[in-house]
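To start, the structure itself, in structure tokens.
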Amino acid sequence: MRSPPSFAESQLDVILRRQRHRPLQGGGLKFTNTPTRFLNLSSDWEFAGWGSTLYLELTPEEFTNSDVDISARQVLGQYTASAVAGNAVLGSVFYALPAVVALAGVFSPISLFIATLVLFFWRPVMEELAETFPLVGSNYTYLLNVSSKSIALGGAAITLLDAAMTVVVSSGTASAYLSSEVHPPFPAFVLVIIFLLGFAILCLSGTRDSARMAFGILSFHILTMIILMIFASISWARRGNAQISSNWHSGDQASPAGMFYQIFKGICIGFLGLSGFECTPADVPSIRSGRFPSVLRNIHLATIVLNGPLMLLVLALIPMDTILSGANVLSILAQEASGRWLRTWLVVDALLVLCGGMFTGILSACAVLEKLALDRVLPPLFLKRMPVTGSPYFSILCFTCLCGVIYATTGANLTVSSQMFALSFLAVMSLYPISNLLMKFNRGRLVKSRNATLLLVFSTIILSLILLIGNIIINPITLAYFSAYTLAILAVFIIGQNKIHIIRWLYWVYDQAPLLHHFRWSKGWGAWMIDRVRSMKQNTVCVMIKTDEIHQMFRMIRYVRENEETSCLKLIHFYNRIEDVPSELEANQKILDEMFPELTIDLVFVQAPFTPATVCSVSKRLVIPRSLMFISCPGPEFPYSIADLGGVRIITL
């Protein structure tokens with residue numbers, strides 16, 4: 001019995017089948033003695049055509065117009081950069097405290113303090129990732145450069161859901177604080193809708209969460225928290241420990257095991273008080289070189305000083321029943337500490353800082369959607385901007401609708417939304433150590449500083465799993481919500497990533513239903529689907545190669561075939577002298593062109609050094625965005641960073 005054909009034999013069979021129909025120089029087809037196979041209509045998009053060899057010359061003007069100066073975009077210092085994400089992190093105290101008290105009771109200060117300390121595990125992991133990949137997109141970009149595109153889309157779905165939960169919970173908490181003061185004649189959910197629509201309009205009008213505005217809001221918030229804690233401490237000293245003692249004895253006296261379990265539940269949900277920390281890497285491209293670790297340190301230390309002590313003051317001045325009865329617990333603390341004036345001040349501060357968090361969520365989501373559109377996962381409509389304001393209107397509208405759907409389907413329940421927010425936040429945070437581990441395994445040559453040891457990365461992954469499981473145990477229904485929303489978003493991304501495959505299935509269904517071929521309104525569907533596939537496959541992808549080793553070239557082409565929907569691939573080789581060109585490069589390109597009949601593989605020679613300027617020039621000349629230009633992993637001697645190359649993707653071989 002003959003053994004199954006090897007991979008090489010199957011590829012040779014593909015070459016032989018194509019040679020039967022390969023065009024000759026004089027025209028016509030080359031026929032063999034083998035039986036002729038008639039092609040059906042779907043073959044119109046199977047054979048992409050033959051590749052060619054091109055020589056590209058770059059002019060001095062193209063080098064001059066190259067946009068490669070990333071230092072001009074690094075404008076944020078450590079304090080202004082801390083303010084951009086700090087509004088979301090420090091503003092989370094307004095909605096985290098009631099959720100923690102509901103689970104941990106009088107042990108809430110301990111839970112919050114431990115939760116802030118646990119963040120020490122994440123800081124070296126995030127610093128190492130940001131130093132290696134200082135690009136927009138955080139986890140989506142990290143996973144895209146260290147794994148496959150399918151895994152990266154999962155990270156993008158979780159990141160987008162986390163941004164949506166930031167907006168939903170911030171708007172819900174802001175409406176709760178405002179309703180406690182003005183008592184509107186309509187339900188609180190109407191205020192949430194007004195907040196969502198209002199901020200969508202503001203974003204469409206071109207309003208940006210600028211660093212100066214963020215710094216002003218954060219400064220006001222920190223001043224408010226300092227004044228609140230000073231007056232609350234004075235009030236505690238005057239009243240004594242009667243209230244905190246009453247709160248201690250108000251609940252059931254738990255056993256030591258029950259006490260530790262309460263603290264553990266409080267730690268799990270206490271990470272809600274750190275939400276926004278996961279957004280800090282999104283600003284790395286705008287932060288001055290070497291300042292990102294200071295940004296993480298500033299935000300982290302502020303949460304340690306604020307969260308636990310503030311929770312202790314709440315228990316010292318407010319009865320437990322009052323704490324559990326509403327979401328505006330800090331305004332009640334301000335009332336108890338110094339009267340009406342401080343309560344009004346605090347409500348104004350809550351509205352400002354929560355609005356800053358909403359802006360951060362909306363703009364972060366728009367950045368992810370724009371990156372997905374550049375990678376051809378989403379349609380180009382997500383790249384369209386309004387003529388005057390320059391706002392990505394379609395991204396803003398779609399994201400606002402997503403926030404509205406999430407708020408409505410959770411029953412407009414802020415408690416459920418907060419618990420799901422804690423789960424989504426931990427899911428995003430767990431992606432950082434996973435990305436770091438994959439980076440060490442697949443991109444170890446790129447890692448310059450070894451701040452995060454392998455033991456630390458594994459410990460962080462285990463902590464993430466423990467905290468995620470803890471949140472699921474607290475309320476299993478949140479897992480159902482989280483899974484449903486994540487899978488729904490991921491389904492949209494998968495459909496966008498596999499448009500051609502879906503159209504081919506639709507064409508097969510259409511081809512199997514002859515009745516549809518006779519109706520006036522449907523008889524042109526087949527031709528339309530073929531035209532759409534042809535059009536989408538004309539989008540060119542570029543792979544920059546250094547060597548003529550055919551196994552490495554094969555793996556790079558296979559990555560393109562598995563992760564990108566295109567039939568046009570250009571292999572680009574930079575050289576200084578003609579003697580430097582690998583001798584087998586052109587011959588191997590022809591072999592690979594035979595092996596992949598669904599791709600037209602062109603070989604492009606560029607007589608120029610491989611620098612950010614030449615990459616930018618080639619991108620403009622060939623009209624290929626740099627997000628669709630791929631390279632293999634550079635070595636440690638590579639003189640440029642990935643950010644210098646303008647978003648060129650490192651692919652997994």
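See the values below:
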{"quantity": "Residue match in region 149-161 (condition: open to solvent by 10 Å² or more (accessible area, probe 1.4 Å), among the polar types (S, T, N, Q) and farther than 16 Å from residue 413 by Cβ)", "calculated": "yes"}
{"quantity": "Residue within region 422-443 that is surrounded by fewer than 16 Cβ atoms within 10 Å (Cβ to Cβ), modelled with pLDDT under 90 and in a helix (DSSP H, G or I) present", "calculated": "yes"}
{"quantity": "Tabulated pairs, region 535-555, first more than 15 Å from residue 606 (Cα to Cα), second assigned to a loop (DSSP other than H, G, I, E, B) and among the β-branched types (Val, Ile, Thr), C-beta under 7 angstrom, 6+ apart or interchain", "calculated": "537/566; 539/566; 540/566; 540/624; 541/566; 553/545"}
{"quantity": "Test for residue 579: is it surrounded by fewer than 20 Cβ atoms within 10 Å (Cβ to Cβ), within 25 Å of residue 144 (Cβ to Cβ) and out of contact with any Phe, Trp or Tyr (no Cβ under 8 Å at 6 or more places or on another chain)", "calculated": "no"}
{"quantity": "Scan of region 344-376 for residues that are closer than 15 Å to residue 94 by Cα and without any contact (Cβ under 8 Å) to a residue 40 or more places away in the chain, ordered by number", "calculated": "348"}
{"quantity": "Residue ranges of helices (runs of 4 or more DSSP H) in region 138-254 with at least 2 members out of contact with any Asp or Glu (no Cβ under 9 Å at 6 or more places or on another chain) and among the charged types (D, E, K, R)", "calculated": "211-239"}
{"quantity": "Unmet criterion (only one of (1) in contact with a strand residue (DSSP E or B) (Cβ under 8 Å, 6 or more places away or on another chain); (2) modelled with pLDDT of 85 or more; (3) aliphatic (A, V, I, L, M)) for residue 89", "calculated": "(1)"}
{"quantity": "Residue 464 being under 20 Å from the mean Cα position of the chain (by Cα), closer than 23 Å to residue 650 by Cα and not in a loop (DSSP other than H, G, I, E, B)", "calculated": "no"}
{"quantity": "Residue check, residue 180 crowded, with 24+ Cβ neighbours inside 10 Å, of a type outside the set (Asp, Glu) and over 18 Å from the mean Cα position of the chain (by Cα)", "calculated": "no"}
{"quantity": "From 541, 533, residue being open to solvent by less than 30 Å² (accessible area, probe 1.4 Å) and out of contact with any strand residue (DSSP E or B) (no Cβ under 6 Å at 6 or more places or on another chain)", "calculated": "533"}
{"quantity": "Pairs where the first residue, in region 468-490, is assigned by the TED database to the domain that holds residue 96 and part of a helix (DSSP H, G or I) and the second is open to solvent by 50 Å² or more (accessible area, probe 1.4 Å) and of a type outside the set (A, V, I, L, M), C-beta under 7 Å, 6+ apart", "calculated": "470/264"}
{"quantity": "Scope region 269-305; condition within 26 Å of residue 475 (Cβ to Cβ) and at pLDDT 90 or above; matching residues", "calculated": "303"}
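Conditions (1) open to solvent by 20 Å² or more (accessible area, probe 1.4 Å); (2) in a loop (DSSP other than H, G, I, E, B); (3) touching a helix residue (DSSP H, G or I) at 6+ places or on another chain (Cβ under 8 Å), marked per residue:
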| position | (1), (2), (3) |
| --- | --- |
| 373 | no, no, yes |
| 378 | no, yes, yes |
| 398 | yes, no, yes |
| 402 | yes, no, yes |
| 405 | yes, no, no |
| 408 | yes, no, no |
| 411 | yes, yes, no |
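The values are calculated or read from the model by the stated rules, or taken from the named source; none is laboratory data. Quantities reported herein were computed from a predicted structural model and do not represent experimental measurements. Please note: Cβ atoms are built from the backbone with ideal geometry, for glycine as well, and neighbour counts cover all protein chains shown. Each accessible area value is taken on the protein alone, full model and side chains, heavy atoms only, with ligands, DNA and RNA left out. Shrake-Rupley method; radii C 1.70, N 1.55, O 1.52, S 1.80 Å.
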